[in-house]
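Note sheet for the following structure.
The values are calculated or read from the model by the stated rules, or taken from the named source; none is laboratory data. This structure is a prediction, so every number in the text was calculated from the model and none was measured. Methodologically, a virtual Cβ is constructed for each residue, glycine included, from the backbone with ideal geometry; neighbour enumeration extends over all protein chains shown.
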Amino acid sequence: FGASIFQHIHFKKLLFTIPILLFSLGLCGIGIFTGFINPFQNIVSLFAFLAGGISAIFASKIISSPFKHFSLAFCLIGIVTWFTLVFAPQLVFPHMVLGGNSRWIIYPIMIWLTGLGGYFMNENVQKL
């Protein structure tokens, strides 16, 4: 939550700040509503997954190549899996074990988020 505020102070890009703020709030909600609290955990996790994928899309406005292309690729994996999971679950659920479907969404987003943190720690990051 705090990191989204500090990156907004630095970059002043509201299109990136709002989705990353919603993603961080969704992650807090996942921590509050554990897997035993249904349906809230499912709702909050789907919200966080979608906000994370949208954050990766809008991050391409403040990062440069080649990480911009990796960001869009990880976002594509997460968003396509999210839409498949929400709108066509019969395609996914029979072939996945319990919890496997959400890993296809969250792992690319978390790998992207780790890379984004490393990108921001670079001394040469410019305000675009």
*Only one of Phe36, Phe40 is exposed (fewer than 15 other Cβ atoms within 10 Å of the Cβ), at pLDDT below 85 and under 23 Å from Leu85 (Cβ atoms); which?*
Phe36
*Looking at the range 70-110, which of its residues are surrounded by fewer than 12 Cβ atoms within 10 Å (Cβ to Cβ) and either under 11 Å from the mean Cα position of the chain (by Cα) or modelled with pLDDT of 85 or more (or both)?*
Phe87
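Condition check ((1) of a type in the set (A, V, I, L, M, F, W, C); (2) touching a strand residue (DSSP E or B) at 6+ places or on another chain (Cβ under 7 Å); (3) farther than 18 Å from Met110 by Cα) across all residues:
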site: Ile30; (1), (2), (3): yes, no, no
site: Pro39; (1), (2), (3): no, no, yes
site: Ile43; (1), (2), (3): yes, no, yes
site: Leu50; (1), (2), (3): yes, no, no
site: Ile57; (1), (2), (3): yes, no, no
*Can you tell me which residues in the range 43-69 are of a type outside the set (A, V, I, L, M, F, W, C) and surrounded by fewer than 19 Cβ atoms within 10 Å (Cβ to Cβ)?*
Ser60, Lys61, Ser64, Ser65, Pro66, Lys68, His69
